[in-house]
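Read the structure below first, then the notes.
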């Protein structure tokens, strides 16, 4: 597993690596990697995300205030160049989140996300479910997951994927 910081320099290196090897299948998490949505996060006393409160704060007006992080340059460039890439997020992808992505020049080939407000699976369980259904084992071995959650990166490695961990202070 590779650990990188969320910087413009890392974004340029990652973009170059993806464009150099057309066999790579890039898969990006959103929150903590591409998007900073900490302004609408609520945390339980134990430090875990209060998903119910986060969902209540996920209004159109609040999502519009989400900030672009430096690594967002990678999917933006891939969009501009027509290079396929994917998003795998624990968000419920509402129309406001989709609008935010479009407004910020991020148009993935496909988005894998929660299957509605009642989907309570843990992040890594949700992502494993989607990834193993969307990609063959051969495709997974050519894929890399860029994620701020260490458990998700470990899951990716169990699937024989490459994992790029991007530590994030927000959660």
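The values are calculated or read from the model by the stated rules, or taken from the named source; none is laboratory data. Predicted model, so just to flag it, every value in this text is computed and none were measured. Note that each Cβ is placed from the backbone with ideal geometry, even for glycine, and that neighbours are counted across all protein chains shown.
Residue 102 meets the conditions (1) in contact (Cβ under 8 Å) with a residue 24 or more places away in the chain; (2) surrounded by fewer than 20 Cβ atoms within 10 Å (Cβ to Cβ); (3) under 25 Å from residue 6 (Cβ atoms) in every case but one. The failed one is (1). Counting only residues that are in contact with a helix residue (DSSP H, G or I) (Cβ under 8 Å, 6 or more places away or on another chain), surrounded by fewer than 19 Cβ atoms within 10 Å (Cβ to Cβ) and under 19 Å from residue 124 (Cα atoms), the range 1-40 holds 1 of them.
Got at least one residue in the range 33-47 being within 20 Å of residue 144 (Cα to Cα) and outside any strand (DSSP E or B)? Working first, answer last.
Of the range 33-47, the ones within 20 Å of residue 144 (Cα to Cα) are 33-35.
Those still in the list that are outside any strand (DSSP E or B) too: 33-34.
The answer is yes; a qualifying residue exists.
In this entry, residue 67 is excluded by the filter for residues that are in contact (Cβ under 8 Å) with a residue 60 or more places away in the chain, over 21 Å from residue 139 (Cβ atoms) and touching a strand residue (DSSP E or B) at 6+ places or on another chain (Cβ under 7 Å). Among the residues of the range 58-80, those that are surrounded by 16 or more Cβ atoms within 10 Å (Cβ to Cβ) and in a loop (DSSP other than H, G, I, E, B) comprise 58, 66, 69.
For residue 78, are the conditions met, namely being at pLDDT 90 or above, in contact with a strand residue (DSSP E or B) (Cβ under 8 Å, 6 or more places away or on another chain) and closer than 19 Å to residue 165 by Cα? Don't jump to the end; show me each part of the working.
Numbers: at pLDDT 90 or above: yes; in contact with a strand residue (DSSP E or B) (Cβ under 8 Å, 6 or more places away or on another chain): yes; closer than 19 Å to residue 165 by Cα: no.
Criteria not met by residue 78.
With respect to the numbered conditions (1) in a loop (DSSP other than H, G, I, E, B); (2) over 17 Å from residue 11 (Cα atoms), which one is the sole condition not fulfilled by residue 106? Of the numbered conditions (1) in a loop (DSSP other than H, G, I, E, B); (2) over 17 Å from residue 11 (Cα atoms), the odd one out for residue 106 is (2).
Of all the criteria given as (1) outside any loop (DSSP other than H, G, I, E, B); (2) in contact (Cβ under 8 Å) with a residue 60 or more places away in the chain; (3) under 19 Å from residue 164 (Cβ atoms), the one not satisfied by residue 83 is (1). Identification of helices (runs of 4 or more DSSP H) wholly contained in the range 122-171 with 3 or more residues that are modelled with pLDDT under 95 yields no element.
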